[in-house]
Amino acid sequence: MATVTFDHATRLYPGTERPAVDQLNLHIEDGEFLVLVGPSGCGKSTSLRMLAGLEDVNGGHIFIGDRDVTDVQPKDRDIAMVFQNYALYPHMSVADNMGFALKIAGTPKADIRQRVEEAAKILDLTEYLDRKPKALSGGQRQRVAMGRAIVRQPQVFLMDEPLSNLDAKLRVQTRTQIASLQRRLGVTTVYVTHDQTEALTMGDRIAVLKDGLLQQVGTPRDMYDTPANVFVAGFIGSPAMNLGTFAVNNGLAEVGPARIPLEREVAAKITEADKGKITLGFRPEALEVTSQANESAFPVEVNIVEELGSDAFVYGTLKGDLAANADIHSGAGDNQIIVRVDPRNVPAKGERIYVAIRPGNTHVFSTATGLRLS
Ligand SMILES: Nc1ncnc2c1ncn2[C@@H]1O[C@H](COP(=O)(O)OP(=O)(O)OP(=O)(O)O)[C@@H](O)[C@H]1O
Ligand SMILES: [Mg+2]
């Protein structure tokens with residue numbers, strides 16, 4: 001087992017102007033499950049492929065343990081990769097698929113058989129060892145791909161969207177299985193996904209990338225409770241955080257009729273570039289449905305109610321002053337706001353409700369830089 005370190009690792013594809021991965025600094029602990037997450041094209045696969053040795057590193061270094069592997073051949077890095085398309089050999093049995101890399105490496109037959117059987121046991125594949133991949137379900141194929149990585153007993157597992165071929169239900173099941181398997185094996189793992197829920201549920205820590213730049217690294221809690229900037233705030237969490245830009249006067253953010261006090265240290269960080277404004281984030285659960293009589297409440301017209309059993313969310317359009325004067329948006333769009341409501345008492349579509357931000361439940365960002373101030 002080993003640590004993994006990206007040290008200013010940069011990848012500039014030939015013929016492009018901006019690096020796909022720009023000076024990535026990231027240290028992954030021995031045995032850690034680290035999830036690289038971000039929108040399409042942000043550089044996740046490129047980062048993983050640099051670590052695998054499948055992509056040139058144009059600047060900086062990559063270490064596995066203390067060893068600088070920047071220029072080491074992929075086969076000499078002691079890693080195993082699981083891809084999105086499992087790339088199983090169709091004409092080989094499950095057992096042969098799983099043992100293939102060992103066979104190529106010249107491992108004695110008996111050893112291969114033993115490791116394959118062990119892995120099959122862990123993955124619940126014992127009864128399928130003699131089948132061909134086409135006679136397996138999607139989930140079973142995914143487990144064969146995992147098995148192929150496990151039998152190699154590598155120092156690091158690299159996984160690039162390994163669940164994206166599975167249907168929603170199987171994806172949820174399999175992500176729990178992979179996470180608990182990784183913890184049992186204790187092998188350092190770098191896992192790529194664009195799905196923030198997968199990131200939150202699987203990772204010991206999460207690294208968020210955008211446009212090739214690392215935005216923040218932290219535990220799922222850190223990312224949810226203290227996003228470092230507006231991008232991470234909007235990306236992590238489902239449904240997404242509501243974000244709005246508001247005027248500040250005398251240390252109070254003017255959110256429609258509400259006056260939200262800013263902490264003194266926070267207010268002191270506002271600069272001229274912010275032009276007297278501040279960006280506030282408030283998650284759907286930071287809003288409460290109240291009455292028109294509440295002087296901090298603002299009106300929202302209900303467009304859709306999403307009922308999830310244990311939870312319910314209103315997707316609504318801001319009405320009144322706030323709609324005219326503030327710049328509010330959420331994952332649902334401009335002037336749209338998402339509110340968690342009591343699932344046993346949901347408003348009707350078209351209804352006008354009054355919502356207020358619960359005190360102390362806002363995230364404060366600089367309007368100019370997008371960086372967290374609170
Ligand atoms: N071989 C290549 N040549 C030129 N540009 C490339 C090449 N491969 C990837 N890119 C560009 O580099 C950027 C990062 O790509 P990458 O595949 O790492 O994204 P990703 O985060 O894995 O996205 P996705 O979630 O869609 O898989 C993108 O802008 C992509 O267009
Ligand atoms: Mg990718």
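So which residues in the stretch 87-125 are of a type in the set (Ser, Thr, Tyr) and within 20 Å of Ser137 (Cα to Cα), if there are any at all? Before the answer, list the steps.
So the first thing to find is which residues in the stretch 87-125 are of a type in the set (Ser, Thr, Tyr), and the list is 89, 93, 107.
Scanning the stretch 87-125 gives Tyr89, Ser93.
Among the residues of the stretch 189-210, write down those that are over 17 Å from Ser45 (Cα atoms) and either among the basic types (Lys, Arg) or within 13 Å of ligand 2 (Cβ to nearest atom) (or both).
Arg205 - this is the single residue of the stretch 189-210 that is over 17 Å from Ser45 (Cα atoms) and either among the basic types (Lys, Arg) or within 13 Å of ligand 2 (Cβ to nearest atom) (or both).
Within the stretch 349-356, is even one residue buried (at least 18 other Cβ atoms within 10 Å of the Cβ), touching a residue at least 40 places away in the same chain (Cβ under 8 Å) and touching a helix residue (DSSP H, G or I) at 6+ places or on another chain (Cβ under 6 Å)?
no
Consider only pairs whose beta carbons are under 6 Å apart and that are at least six residues apart or on different chains; among these, list those whose first residue lies in the stretch 186-198 and is assigned by TED's automatic domain parsing to the domain that holds Asp78 and farther than 12 Å from Leu36 by Cβ and whose second residue is away from ligand 2 (no atom under 12 Å from the Cβ) and of a type in the set (Ser, Thr, Tyr).
Sorted first by the residue in the stretch 186-198, then by its partner, the pairs are Thr197/Ser238.
Would it be correct to say that Val302 is in contact (Cβ under 8 Å) with a residue 12 or more places away in the chain, more than 25 Å from Leu373 (Cβ to Cβ) and buried (at least 18 other Cβ atoms within 10 Å of the Cβ)?
On the way: in contact (Cβ under 8 Å) with a residue 12 or more places away in the chain: yes; more than 25 Å from Leu373 (Cβ to Cβ): yes; buried (at least 18 other Cβ atoms within 10 Å of the Cβ): yes.
Judged against the criteria, Val302 is a match.
Quick check on this structure: which one of Ala105, Ala52 is more than 14 Å from ligand 1 (Cβ to nearest atom) and either modelled with pLDDT of 95 or more or assigned by TED's automatic domain parsing to the domain that holds Pro133 (or both)? I'd like the intermediate steps shown before the answer.
Details: Ala52 fails: more than 14 Å from ligand 1 (Cβ to nearest atom).
Going through Ala105, Ala52 in turn, just one is more than 14 Å from ligand 1 (Cβ to nearest atom) and either modelled with pLDDT of 95 or more or assigned by TED's automatic domain parsing to the domain that holds Pro133 (or both): Ala105.
On the basis of being touching a Ser or Thr at 6+ places or on another chain (Cβ under 6 Å), of a type in the set (A, V, I, L, M) and under 28 Å from Phe298 (Cβ atoms), does Ala240 make the cut? Let's see the steps before the verdict.
On the way: touching a Ser or Thr at 6+ places or on another chain (Cβ under 6 Å): yes; of a type in the set (A, V, I, L, M): yes; under 28 Å from Phe298 (Cβ atoms): yes.
Yes; evaluated as a whole, the condition is true for this residue.
Looking at Ala368, Ala297, which one is of a type outside the set (Val, Ile, Thr), within 29 Å of Met223 (Cβ to Cβ) and either surrounded by 17 or more Cβ atoms within 10 Å (Cβ to Cβ) or touching a residue at least 12 places away in the same chain (Cβ under 8 Å) (or both)?
Numbers: Ala297 fails: within 29 Å of Met223 (Cβ to Cβ).
Matching residue, one of Ala368, Ala297: Ala368.
Restricting attention to the stretch 118-134, which residues are in contact with a helix residue (DSSP H, G or I) (Cβ under 8 Å, 6 or more places away or on another chain) and free of Cβ contacts under 8 Å to residues at least 12 places away in the same chain?
Our first condition is that a residue be in contact with a helix residue (DSSP H, G or I) (Cβ under 8 Å, 6 or more places away or on another chain); within the stretch 118-134, this holds for 119-120, 122-126, 128-133.
Of everything in the stretch 118-134, just one residue is in contact with a helix residue (DSSP H, G or I) (Cβ under 8 Å, 6 or more places away or on another chain) and free of Cβ contacts under 8 Å to residues at least 12 places away in the same chain, namely Thr126.
The values are calculated or read from the model by the stated rules, or taken from the named source; none is laboratory data. This is a predicted model, so every value here is computed, not measured. Note that each Cβ is placed from the backbone with ideal geometry, even for glycine, and that neighbours are counted across all protein chains shown.
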